[in-house]
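Reading through the structure tokens given below for one structure.
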Amino acid sequence: MNTTSHQKNIVKSAVYRLLIVSIFSYGFCAVFFNIYPTQFAIDSLQPAITSLLCLLLLLYFHQKPLTRIRKTTNIYTAITMLTFTPATFYFTHGAWQGDIRFIESYPPISGMIVLTSTLVMLMLPKKYAKLAALIWALNALPVLHYLFTHPEELHTTRGYDLLFIFGPASLLIFVIIPYQQSMREQMEKISYDLTRYKLHADRDFLTDTLNRRGLDSWLTRNHQLESMGLLLIDVDYFKNINDRFGHSTGDHVLVEIASRLRTVYHDNHCLARWGGEEFILVVANPTPATLNKLAADCHMVFRHIPFRTVGKVTTSIGVSRIAGAQDFDQLIEEADQALYHAKENGRDQVVMFSEMQPQLSEKMKRLMKLD
């Protein structure tokens, strides 16, 4: 999973939680003020409408969550501002006109305003922090302005409560939450870097095939394979290429060899650099015919297509028999014996270990007679 997809999934989860928390919070307020109504219908009506709108928004978001993140967040912000801001303006305007006493009439939504702003800042990326600040400013500034211009209402228990909620408490949240977000983003970056470094540690830096460590990881993941076969592929006279054309050209040849080997087989397999100019190709659950054809294809892909910089390059290939995954070490030894036989008998050829067995048996008999 790339970084963008990972971040989208994190934001998707945050939006889900934000909407669910909002639905239950506003729903609780609606139920409470319907059981214990105030003289203002807006106190019970507004949370009910907001809870319903958040529920509809959740259903809309759930249909296509990854493509509707931005639009859902913008709609949620609009709903939140339409929930709190009109109420704040209504009561502050009424208080300025002398129709109501503000601290006795203003509904207990100050905590919800701060909570909503906090949730937006805490659960969503930094770019949405401005929306949280806007929600807070449209509600807190009119209230604070009114209280500071009406000291008789400011110097009351409710006045102090509003002052500290919209003042120091909000300031503390707006300072701490961005810091917490930065820490979270830093931890996510560290986690991503560790995953990337682990991935790179399993690969050969030159050919971008797996290295021995990567091969071990692949074998661990595929330890339940019923059978496997493997090919050891050695570049013939590679030292001559380095001596004649230079090590840089030799490196390019190895890169090209790895590139060609990737195109030969596409079912479940593992291609790794075994060491130097040797590559290993491990095939999952092959048939004898598949293993034979794969060895022939690997051999021919070099013989008939010359390299642009060095001309013709050939390979010697040793092929093991087919056995269970638990016999991997034995298969390596068999392929190595077959490869040695190919190199001792002129190179540029494929040798199957199964075809060597009669010869090995005959050799063992001769040795026993000599003894």
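The values are calculated or read from the model by the stated rules, or taken from the named source; none is laboratory data. A quick note: this is a predicted structure, and the numbers were derived from the prediction, not measured. Here the Cβ is made from the backbone with ideal geometry for all residues, glycine too, and neighbour counts use every protein chain on show. Heavy atoms of the whole protein, side chains included, go into the accessibility calculation; ligands, DNA and RNA do not. Shrake-Rupley method; radii C 1.70, N 1.55, O 1.52, S 1.80 Å.
In this simple spin-label approximation, Gln326 and Ser105 carry label points 7 Å from Cα along the Cα→Cβ vector, and these lie 8.4 nm apart. Relative to one another, the C-alpha centroids of the stretch 92-121 and the stretch 36-73 are positioned 19 Å apart. Reducing the stretch 219-250 and the stretch 284-335 to their Cα centroids gives an inter-centroid distance of 10 Å. Ligands, DNA and RNA excluded, the heavy atoms of Val31 present near 80 Å² of accessible surface to a 1.4 Å solvent probe.
3J(HN,Hα) along the stretch 22-30: 5, 4, 6, 5, 5, x, 4, 4, 4 Hz, from the Karplus curve 6.51 cos²θ - 1.76 cosθ + 1.60 with θ = phi - 60°, whole Hz, x for Gly and Pro. Residues of the stretch 282-306 falling in the label zone of Leu206, defined by backbone nitrogen less than 20 Å from a point 7 Å along Cα to beta-carbon, are 282, 302-303.
With a cut-off of 11 Å between beta carbons, the residues surrounding Ile257 carry a summed charge of -2, where Lys and Arg count +1 and Asp and Glu -1. Taking the longest Cα principal axis of the chain as reference, the axis of helix 353-370 is set at about 50 degrees. Compared with the dominant principal axis of the Cα atoms in the chain, helix 247-262 is inclined by about 80°. If R0 equals 56 Å, the separation of the Cβ atoms of Arg260 and Leu52 corresponds to a calculated FRET efficiency of about 0.35.
For the chain, the longest principal axis of the C-alpha atoms and the axis of helix 42-63 are separated by about 20°.
If you take all other residues with their beta carbon under 13 Å from the beta carbon of Asn222, and give Lys and Arg +1 and Asp and Glu -1, the sum is -2.
Over the chain, with the other protein chains present, what is the accessible area per residue in square angstrom, probe 1.4 angstrom?
On the way: 20630 Å² over 371 residues.
Per residue, the chain has 56 Å² of solvent-accessible surface.
Spin-label pair Ile42-Lys71: with each label point 7 Å from Cα along the Cα-Cβ axis, the two points sit 3.1 nm from one another.
If you count, for each residue, the other Cβ atoms within 10 Å and average over each peptide, how do 213-221, 129-137 line up from highest to lowest?
On the way: 213-221: 15.1, 129-137: 18.0.
Ranked by mean Cβ neighbours within 10 Å, highest first: 129-137, 213-221.
Within the straight-line cut-off of under 16 Å between alpha carbons, the aspartates and glutamates reachable from Lys343 are Asp234, Asp236, Glu277, Glu278, Glu333, Glu334, Glu355, sequence neighbours fewer than 8 places apart in one chain being disregarded. Highest-first packing order for the peptide set 327-336, 93-102 is 327-336, 93-102, based on the mean count of other beta carbon atoms within 10 Å. The residues neighbouring Tyr160, those whose beta-carbon lies less than 14 Å from its own, together hold a net charge of -2 under the Lys/Arg +1, Asp/Glu -1 convention.
Computed FRET efficiency, Cβ-Cβ of Asn292 and Tyr16, R0 51 Å: what is it to the nearest 0.05? It would help to have the intermediate numbers written out before the result.
Working: r = 54 Å, r/R0 = 1.06.
In this case the efficiency is close to 0.40.
The accessible area of His155, taken with all protein chains in place and a 1.4 Å probe, comes to roughly 110 Å².
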